[in-house]
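The block underneath contains the structure these notes are about, expressed in structure tokens.
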Amino acid sequence: MAHRESSSGVGPPARTGPRRTSRAWLAVYVCLGIGIVVPLLVFLYDQEKPTFIGFPFYYWFQFLLIPIVSALTYTAFRISLRATERDRKAFGLPADERPQDRGKDD
């Protein structure tokens with residue numbers, strides 16, 4: 001359903017053109033994409049050697065991915081907070097003071 005500005009001038013701000021994805025959102029997609037795709041590429045780690053502390057490569061590589069993917073996810077989250085704040089300002093919406101607290105009970 002499309003929103004239309006009422007005759008009193010109250011309503012959502014008019015968009016001037018099609019919405020484009022910003023570089024910040026592209027960075028979010030890349031960070032999350034790496035974290036999803038790399039663990040699915042089994043051919044990267046389907047070998048036993050080199051071993052590390054007696055663990056075959058396919059085990060310790062997956063354990064190594066845990067902090068890497070966690071860091072990528074956190075980075076994507078922080079970038080998305082800033083991008084959301086900029087997008088809200090660009091579309092004339094009020095900026096949340098702490099968007100990461102949205103939905104929490106006070």
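What to note about this one:
- Listed by first and then second residue, the pairs with beta-carbon distance under 9 Å, at least 6 apart or on different chains, first residue in segment 80-106 and exposed (fewer than 10 other Cβ atoms within 10 Å of the Cβ) and modelled with pLDDT of 75 or more, second part of a helix (DSSP H, G or I) and charged (D, E, K, R), are Pro94/Arg88.
- For segment 1-59, a residue qualifies if it is among the aliphatic types (A, V, I, L, M) and at pLDDT below 85, and the qualifying residues are Met1, Ala2, Val10, Ala14.
- Scanning segment 32-63 for residues that are surrounded by 14 or more Cβ atoms within 10 Å (Cβ to Cβ) and assigned to a loop (DSSP other than H, G, I, E, B) yields Tyr45, Pro56.
The values are calculated or read from the model by the stated rules, or taken from the named source; none is laboratory data. Quick caveat, the model's predicted, so the values are computed rather than measured. Positions of Cβ are generated from backbone atoms using ideal geometry, with glycine treated the same way; all protein chains shown enter the neighbour counts.
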